[in-house]
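Before we start, here is the structure in question, set down as structure tokens.
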Amino acid sequence: MTESCYEFTRAITRKPAPSIIHGLRAEDIGDPDFEQMILDHADYVATLQQAGAAVTELPALADFPDSVFVEDVALCLPEVAVLMRPGAASRAGEVAQMAPVLRDMFEQVIAIEGPGFIEGGDILATSKEILVGRSGRTDSAGIAELAEIVRHWDYRLREVMTPPGVLHFKTDCSLLDAATILSTPRLDATGCFAGYRVIHTASGEEAAANSIRYNDLVLMPAGFPRTHERLLAAGYEVREINNSECARLDGGMSCLSLRF
Ligand code: CIR
């Protein structure tokens, strides 16, 4: 891997279903507004397209309230797509919905069989390695099974920790370029980014950490002006997307797409 960790041509998204109001959340701060979410999702897709993505927009799945968060069900590497085994029981069935889509697009599709669990939100692929955070959704057995699969293509995988109370590893970080990570100070304090250049989210703006780099653009959630300023100062081209509704379900920029 080199720049391929942020240079992509394609993306997969899934439209939100009205059942999104039943989506999982760590803390209930009210249901998302479906109409607003549709607008935000359209803006997200349009911004990916502006960044050069050919976007495959999958239809909404009423039976799976969290299925808009497609990132969690697969890891897409240039050589292979790996189907995940979500730790959230209500999300397990989303994998079978994604499998045929990926089989059409990738020569190799391999599924995590278990007994371990792993969700895509816990995986950060950098230019050097694949970092996987153990979390409430991802355990060591799931990580070990992924490590075994990607070893075939010589990927180095490192198991790290997601801070307690944080849903996914990438809830608290994102890749900005081959050597640079945007991270919350609390995640960086675990030492997992030694050897990388790290830009911290501003205090009180931790939710800005779940951003994505897609080709020349960084897509970040709107409403975090001091972190936005830091990214501009570091030379990144930033687009803000309203994320108020997904945030009610602990979702951010990375969760909404598979990028490859
Ligand atoms: C869940 O709890 O699974 C969803 N409500 C949010 C998933 C967010 N996904 C991600 O951070 N990759």
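The values are calculated or read from the model by the stated rules, or taken from the named source; none is laboratory data. Note that this is a predicted model, so its numbers are computed, not measured. Note that we place each Cβ from the backbone using ideal geometry, even for glycine, and neighbour counts take in every protein chain shown. Note: areas computed on protein heavy atoms with side chains; ligands, DNA, RNA excluded. Shrake-Rupley method; radii C 1.70, N 1.55, O 1.52, S 1.80 Å.
If you go through region 82-104, how many residues are of a type outside the set (D, E), under 18 Å from E57 (Cα atoms) and in contact with a Phe, Trp or Tyr (Cβ under 8 Å, 6 or more places away or on another chain)?
1
Taking the condition over 18 Å from the mean Cα position of the chain (by Cα) and either under 16 Å from F260 (Cβ atoms) or hydroxyl-bearing (S, T, Y) (or both), does F106 pass?
So F106 passes the test.
Then there is this: For region 18-35, name all the residues that are open to solvent by 60 Å² or more (accessible area, probe 1.4 Å) and either away from the ligand (no atom under 15 Å from the Cβ) or assigned to a loop (DSSP other than H, G, I, E, B) (or both).
P18, L24, A26, E27, D28, I29, D31, D33, E35
Further question: How many residues are open to solvent by 50 Å² or more (accessible area, probe 1.4 Å) and either within 15 Å of the ligand (Cβ to nearest atom) or in contact with a Gly (Cβ under 9 Å, 6 or more places away or on another chain) (or both) if we restrict to region 36-47?
Qualifying residue count for the region: 0.
Now a separate question. Could you say whether any residue in region 173-184 is closer than 20 Å to G223 by Cα, out of contact with any Gly (no Cβ under 6 Å at 6 or more places or on another chain) and open to solvent by 40 Å² or more (accessible area, probe 1.4 Å)?
no
Among the residues of region 230-260, count how many are more than 14 Å from the ligand (Cβ to nearest atom) and either surrounded by 24 or more Cβ atoms within 10 Å (Cβ to Cβ) or free of Cβ contacts under 8 Å to residues at least 24 places away in the same chain (or both).
Residues that pass the stated criteria total 6.
Give me the pairs: first residue in region 166-193 and assigned to a loop (DSSP other than H, G, I, E, B), second residue at pLDDT 95 or above and among the basic types (K, R), beta-carbon distance under 9 Å, and six or more apart or on different chains, which are they?
Between residues of region 166-193 that are assigned to a loop (DSSP other than H, G, I, E, B) and residues that are at pLDDT 95 or above and among the basic types (K, R), the close pairs are V166/R186; L167/R137; H168/R137; D172/R186; A179/R197; C192/R158.
Taking the condition in contact with a Gly (Cβ under 8 Å, 6 or more places away or on another chain) and either under 18 Å from V166 (Cβ atoms) or open to solvent by less than 10 Å² (accessible area, probe 1.4 Å) (or both), does M98 pass?
Judged against the criteria, M98 is not a match.
So which residues in region 113-135 are within 11 Å of the ligand (Cβ to nearest atom) and either at positive phi or of a type in the set (S, T, Y) (or both), if there are any at all?
S135
Just wondering, is there one or more residues in region 52-69 that are within 16 Å of the ligand (Cβ to nearest atom), exposed (fewer than 15 other Cβ atoms within 10 Å of the Cβ) and charged (D, E, K, R)?
yes
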